[in-house]
1. Once the label point is set 7 Å along the Cα-to-beta-carbon vector, what list of distances in nm do you get between A:ALA319 and its counterparts in the other copies?
2. What does the charge add up to near B:GLY61, with Lys and Arg as +1, Asp and Glu as -1, over the other residues with Cβ less than 10 Å from its Cβ?
3. Pop the C-beta distance of B:GLU377 and A:ASP167 into the FRET formula with R0 = 56 Å and round what comes out to the nearest 0.05.
4. Could you list the trypsin sites (Lys or Arg not before Pro) in region A:39-125 that lie in coil according to DSSP, counting only those with at most 14 other Cβ atoms within 10 Å of their Cβ?
5. Hey, rough spin-label estimate for B:ALA278 and B:ARG126, points 7 angstrom out along Cα→Cβ, what's it come to in nanometres?
6. From the label point of B:GLY281, set 7 Å along Cα to the beta carbon, how far off in nm is each other copy's matching point, shortest first?
7. Could you list the trypsin sites (Lys or Arg not before Pro) in region B:358-408 that lie in coil according to DSSP, counting only those with at most 12 other Cβ atoms within 10 Å of their Cβ?
8. Specify the inter-centroid distance of region B:329-379 and region A:328-382, based on alpha-carbon positions, in whole Å.
2 protein chains.
Amino acid sequence: MALIVQKYGGTSMGSVERIEHVARKVASFHQQGHQVVVVVSAMSGETDRLLKLAKAIDPKGSAREFDQIAATGEQVTIALLAIALQKMGVPSRSFTGWQVPIRTDDAHMKARIQKIEPEALLAACRAGIVPVVAGFQGITEDGSVSTLGRGGSDTTGVALAAALKADECQIYTDVDGVYTTDPRVEPKARRLNQITFEEMLEMASLGSKVLQIRSVEFAGKYKVPLRVLSTFVDGPGTLITLEDSKMEEPLISGIAFSRDESQITVTGVPDKPGVAAAILGPVGDANIEVDMIVQNVGADGTTDFTFTVSRGDHDKALAVIKKVAGELGAKGVAGATDIVKVSVVGVGMRSHAGIASQMFKALAAAGVNIRMISTSEIKISVVIDEMYLELAVRTLHKAFGLEEARTA
Amino acid sequence: MALIVQKYGGTSMGSVERIEHVARKVASFHQQGHQVVVVVSAMSGETDRLLKLAKAIDPKGSAREFDQIAATGEQVTIALLAIALQKMGVPSRSFTGWQVPIRTDDAHMKARIQKIEPEALLAACRAGIVPVVAGFQGITEDGSVSTLGRGGSDTTGVALAAALKADECQIYTDVDGVYTTDPRVEPKARRLNQITFEEMLEMASLGSKVLQIRSVEFAGKYKVPLRVLSTFVDGPGTLITLEDSKMEEPLISGIAFSRDESQITVTGVPDKPGVAAAILGPVGDANIEVDMIVQNVGADGTTDFTFTVSRGDHDKALAVIKKVAGELGAKGVAGATDIVKVSVVGVGMRSHAGIASQMFKALAAAGVNIRMISTSEIKISVVIDEMYLELAVRTLHKAFGLEEARTA
């Protein structure tokens, strides 16, 4: 008799037949006596189709209007799933973001959830109704429709689970769990039975596309047990947990990578206090997320400053930086979009020295040149040329023994 | 410096190019200093595509969920048009039904507008912004999305014009005005420069598809000057006016017809008070609109009762009636869907006797058999077999001299 939030992605909602399949899964939980709240994405490809229409008119059109359009994708699937559930005798009702309501800030196309008012959903649950909620969307203070950005439906699922104090948030997708790395790049990749929130956070933020990063942050912050599993294949999936100290942790739990990287370098900046802020402030103001930041001191009292942003933000960031560079008296600005990031992730590396040198040695032996390095407590990332991606991932997967069964 | 509400239909919004064409038309009015509020339909075919998805799951699915789905069609086009206007330098903002808000009753899929709160739209106009409003939709008291039924965007346009006290409501469509009859059936059909609300009401309700009937009712009730004109061909269109007694009215202004007719007959009903109510009450309760009603007294103290409904409601109405017929002790129930209605319409017939006999004589001479007759002050309708439709329309068009120029 648990309260479960289930989130189904675009592939799971991709056709009438698949929606009926999802309805049978939901109905089965409902008939076991569980309270189920469902969150769904748009049919796969639909959001792209809608935004393509808008971009055909103006690629730089108003983000508010883009959101107005994109949000219709989920508005269709929630109602289709509610109809399918009703047909199976399960009382159901669809809820758009504004009907819940899910309140967000007004950063259109990458809005953040500020507050979910759970009363309407809880009332539906008490009445035996399965609410089907639109993922990816919300409503701003001025009553506009907002979207959370790509992958935002996961965040909606976890945020709802937190607001409803759900027992578990299940993320159904087209893979059956979290893997040590992408099996398309390394066929020896292995499904993990569980992974900590911190590791998952690094894996997700580094481009393992299973879960959207903000959903994992949310889940960790509100201690929502999160499970990733397949819509199409039955199985336990991967449980994402708070750290369990009883386990014998391996050093490394996975190799993550991201192709969606680009680099911007400002050369010959006068080396004085406030330079980093002067460069990155306008980038942040333009709502561009910066990932890695590296600064090297030069010989002549100037410094070179490099940072990475997603490829979609590259041109916008470059334009911002060119303006700033002039004001700062920098020598030049250069961009690169043919780069990728590869990372080793694991809570075990906290208590083990030498992971970094083991990583760099393995890459060097394979002839992979490293452009940038960034480290945190539980991950080490390198930026390399895109052509070396597969080689680097396979080399590291083997170097850290990830093809063998994990002790757990 | 007028306030104009312009409504563009699905054909006008049928592609990115057409939306840009509409944007140029709107921008031109805006640049002349007029305040413009735009109402749009979904892209042609889109509402059908969406409802087909829902019907693939359950043809008898919840009307609330069907509305949730159908309303997305306009949510896309309002934002596309707003983006196109902004690109041309015209400040614009899209409004869904709930964002206006347009409040309706909860008769999903055929809701009626109860109240429009015009403050947000007027504030936008004052700020020099062109609001683009979703036609066909609104919000119910419990916060659900509702739709007004097919053609409802016209009603939205007129209701908005009334709420905003607009100077004119312009309905842009793919025809350049109101014709004496459908030119596809009678090539000699002629565009009318103007027509009265009452005539238009009869023409629209009888199936001249130019305007949706409720929009004309609204326009007449709130005295909103209404103009029908073409999106694609410049011209004055047809102005729909209050009756102008200075004009020399012709007898008949047009021949209307409707293919969307079906007939239900209850035979051998005991002829006693309350029978009509007992038959039609449950039909009304099922939210089915009844059009013509004919009752004949039989010889044996029983009566035959016939009425017409739209073909989409035929099966539903037949099911309701079969139940009622049993309770009433009727002899039998019969339905027919291969029938059509043809009508002559004109305010002039008020002061001229003999129109009916002229009409029946012309039909008889052409060999058209009449199944039912119904009359009002300004129209005479007959129900005939579908196979006679074209013959009847052409015969009447000629009999009443409609191919000649109207005196005005």
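1. 5.7
2. +2
3. Using R0 = 56 Å, I get an efficiency of 0.25.
4. Those satisfying the criteria are A:LYS60.
5. Going from the B:ALA278 label point to the B:ARG126 one covers 6.0 nm.
6. Distances to the matching label points in the other copies: 7.7 nm.
7. Those that pass, being in a loop and sparsely packed, number zero.
8. Distance between centres, Cα-based: 85 Å.
All of the numbers you see were taken from the coordinates with simple rules; none came from a lab. Here the structure is a predicted model, which is why all the values come from computation and not from measurement. Positions of Cβ are backbone-derived with ideal geometry, glycine not excepted, and every protein chain shown enters the neighbour counts.
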